[in-house]
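Working notes for the structure below.
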C-alpha cells in the first residue's frame, strides 16, 4: 500500500444517493461505486448488505450498520489517483475503488463482449474509448476472464489494441523472463516483463 497524489477529479449528476453507516460515520455515495469487502472483493454499493465487512487503510474490518437510499439530484465526484485506481475515504479510511473496474464497465455493471458471442472477449465495436470485455460462467454468473482494450494508433486499421487480460480459469502462465509458472488466477500484462503476473485485488471481478 502507498499513498499517492490525486491527479484527476471528475463530476457528474446523479439521481440516487446511498448512505452507508459505519458506527457514527456516514458515507454518501452512488450505487455503482465499488467498496472492498473482506472475503468478497470489490462490490458495488447497490449490492452491499448490513453486516458486510469493509476494510480500512490499516486493515481493520468494519461492519456496515445501516444502508439508506434517497432519490434526489446531486453532483457527485470521482477521483483519479496517481498509479492506482483505489483510494481511502471518510475519517475511517474505507477502501474504495473509482467507478471503473476492469471487466465491470464504467459504472460497475459488466460490459459484454462484442462480436458473435457474448463470451468471446472481442473489442466492443460500439465503444468510443478504452473498455473491457469479459467471459462469464453461465451457471454461477461469475466473471471468469476479462480483456482490457485501448484505443489504437490512428494508423492501425484495428480501432482497439488488447491490453491486460485476466484469466480466472484455465491453465497457468509460464513467465519466460522469470522462469516461473504463474498459476491461475493470473493477468497477462504487456507491461510486465515476461507477460504474466498475479492479479491485483481490484482486478479480481465478482458476479454479474
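Read-outs: derived from the displayed coordinates by stated rules, not from any lab. Owing to the predicted nature of the structure, the values given are computational and were not obtained by experimental measurement. Backbone-built Cβ (ideal geometry, glycine too); neighbour counts: all protein chains shown.
Numbers below:
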{"quantity": "Computed label-point distance, nm, for sites residue 56 and residue 171 using a 7 Å Cα→Cβ extension", "calculated": "4.7"}
{"quantity": "Separation between Cα centres of the range 173-208 and the range 18-46, rounded to whole Å", "calculated": "28"}
{"quantity": "Estimated translational D of the range 131-203 in µm²/s (Stokes, Kirkwood radius over Cα pairs; 4 °C; 1.567 mPa s)", "calculated": "98"}
{"quantity": "Order by protection proxy (mean Cβ within 10 Å, highest first), peptides 28-38, 154-164", "calculated": "28-38, 154-164"}
